[in-house]
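Below is one structure, written out as C-alpha cells; comments come after it.
The values are calculated or read from the model by the stated rules, or taken from the named source; none is laboratory data. On a predicted model such as this, the values are computed, not experimentally measured, just so you know. When we count neighbours, we look across all protein chains shown, and the Cβ atoms used for this are built from the backbone with ideal geometry, even at glycine. Only protein heavy atoms, including side chains, enter the accessible area calculation; ligands, DNA and RNA are left aside. Shrake-Rupley method; radii C 1.70, N 1.55, O 1.52, S 1.80 Å.
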Amino acid sequence: MPFVTDTPPSPYRLPITIVSALIGGPLALIVWLWLSGSQRALYWQSNWIRTGIGVIVIGALPLLLTILAADLHMLADPHPNPVGFGVLFFFSVLLGSALVIAGIVRTERDS
C-alpha cells in the first residue's frame, strides 16, 4: 500500500469548485478531486470515478484525432465538419460527469 498522509481537504475546495463550475462544468469535478487532500486516493479507488473519466476520454478521442489530422493536413478536406464526433463528445461528457458525481457522492457517503 502506498504511503498516505493525513492531509485534510483544502478549505478552498468548495468555493473554487463552485467558481470552476460556473466557468466550465466538468472542470469543477477535476478541481474537487484535486483539492481533496489525502481523500484523493479514496476517490481514485472508486470504479464510478474511473469509469466516468474513461468515458470522457474515449468520447473525446475521435474529435481530438479529427482536429489533429486536419491540422496536420492528413485529411482531404482541410476544414472538416465533425458534427457527429462533437455530439459524441458532448454526450460522453454528460454521461462521464454524471458517473464521476455519483462516484464522489458514494465515496463521501461510504467514508
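Before moving on, here are some points about what is shown:
- Some residue of the range 49-71 being part of a loop (DSSP other than H, G, I, E, B), touching a helix residue (DSSP H, G or I) at 6+ places or on another chain (Cβ under 6 Å) and either open to solvent by less than 30 Å² (accessible area, probe 1.4 Å) or modelled with pLDDT of 85 or more (or both): no
- Qualifying residue in the range 72-82 (condition: part of a helix (DSSP H, G or I) and surrounded by 15 or more Cβ atoms within 10 Å (Cβ to Cβ)): no
- Complete set of residues in the range 26-45 that are of a type in the set (Gly, Ala, Ser) and either surrounded by fewer than 20 Cβ atoms within 10 Å (Cβ to Cβ) or part of a helix (DSSP H, G or I) (or both): Ala28, Gly37, Ser38, Ala41
- Residue in the range 8-27 that is of a type in the set (A, V, I, L, M) and touching a residue at least 24 places away in the same chain (Cβ under 8 Å) present: no
- Here the range 83-109 is the region considered, the condition is being open to solvent by 80 Å² or more (accessible area, probe 1.4 Å) and of a type in the set (D, E, K, R), and the residue that is modelled with the lowest pLDDT is Arg109.
- Residues of the range 14-48 that are touching a Lys or Arg at 6+ places or on another chain (Cβ under 8 Å) and either at pLDDT below 85 or within 14 Å of Val105 (Cβ to Cβ) (or both): Trp32, Leu33, Ser36, Ser46, Trp48.
- For the range 65-111, residues that are of a type outside the set (A, V, I, L, M) and touching a residue at least 60 places away in the same chain (Cβ under 8 Å) total 6.
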